[in-house]
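Quick note: the coordinates plus some simple rules give every number you see, no bench work behind them. Predicted, not measured: the structure shown is a model, and the values here were computed from it. Cβ placement follows ideal geometry from the backbone for every residue including glycine, while neighbour counts extend to all protein chains displayed.
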Amino acid sequence: MKVLARVVLILWLASPLTRARAQSPDWDSAESDLSSIQAPAEGQDPGAVDPNADESGSAHEDSHAEAGDDSGDEPADESLFDTGDPEGGGQLALWAEVAFYAGGVERQGAQTDAIATSPLIGAAYSITSRARVSAQWGFTFASHNAIDVNGMQIESSDATFRMGNPLLSADLLGRHNALRYRVGVGVGLPLARSNNRTQDLGVGLAMAMRGGFHPWLWMPDRLSLVGTGRIEGDLGDSFVVGGDAALAILIGTASDANTNVALEVGGDAEYHAAGPLFIGLRLTMVLYADLAPGVSVIQDDNLQFALMPYARFLFGTSFVTAGFEINLDPPFGNSFSSGGVWGLRVGVGTVL
């Protein structure tokens, strides 16, 4: 019942409502929406810019406005697999994030202090007004103090810097009546490696600082096949709600690497507070399990929930976002309990 209640709560938060004006606080989703931002007109409040209005939609509305036709106020329905107008492409979006954690972690049954930082960079190019390709790649640095149990040192202090798995993706974006949506597929290349306990710690903290989301970016020795989707809309003039989901198979590429399945769901709500400032809250769920009979069972130790309050500043075609990732349960623990991990996340993005 505990698991069922959590899943129902997540699905409710992720349900589509009405037309959206803001973007997801999740970084690759934020890029997806940001890359169709229209630059504000001179003298216009940049916080009021619709970061999801595509060029073809704007041109369509402008043409109706010039003709005195009010029907241009409603977006036209678009076929899901229509790739859009090639002349609407050519935009390059860039974004980056840094996650940070410092505090106690549990290792080998003992507490030790650790520091971790994890940058994530990405880029996307719009081929047409509705089709784009993107890439993102993460890295992690982690260090920890020596571990002592009963006065005997069982592990010395150490530090590590590791690369994650680059993800190459292709997405289609569109709208239906008042809703906007995105569907995509991606491939995660198996470049991440972990050869000792400190490197394992770095991988774990990179995921924990993000609530376990997108494990295919970090898991060592995995070739990942990923399917993603997002839908969002406005709730009145100032509130925005959205939901996204992803399903991935992480294929082990080393003899000791299992093949895993990952299912994640996220829901977010955002309020346009004033000017360029948006504040919001995001709730996520990740199920990560071995892909084998009798193993892929939904239990607390492979079902992670996390909450992230955040603030976002939108300046024309650029944004700055800061969020605080709060893990709510195992496997990364409650962020405010002993051994629990939190994450301070700061991101920037722009369209060239």
Three-way shape label, region 118-230, alpha-carbon gyration tensor, a/c 1.5:
prolate
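Based only on other Cβ atoms within 10 Å, what is the fewest-to-most ordering of His272, His214?
Numbers: His272 22, His214 30.
The fewest-first ordering by Cβ neighbours comes to His272, His214.
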With each pseudo-label sitting 7 Å past Cα toward Cβ, what's the Asn195-Ser238 distance in nm, one decimal?
5.6
What is the order of Val187, Val203, fewest Cβ neighbours within 10 Å to most?
Val187, Val203
Summing +1 per Lys or Arg and -1 per Asp or Glu among the other residues with Cβ less than 12 Å from Ile249's Cβ gives 0
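Determine the sum of side-chain charges near Gly212: Lys and Arg each +1, Asp and Glu each -1, restricted to other residues whose C-beta is under 11 angstrom from that of Gly212.
-2
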In a shell of Cβ-Cβ distance under 13 Å around Arg222, excluding Arg222 itself, what net charge do Lys and Arg (+1) and Asp and Glu (-1) give?
-2
Pop the C-beta distance of Ile279 and Asn258 into the FRET formula with R0 = 51 Å and round what comes out to the nearest 0.05.
0.80
Distance between modelled label sites at Gln111 and Val133, nm, 7 Å Cα→Cβ extension
5.0
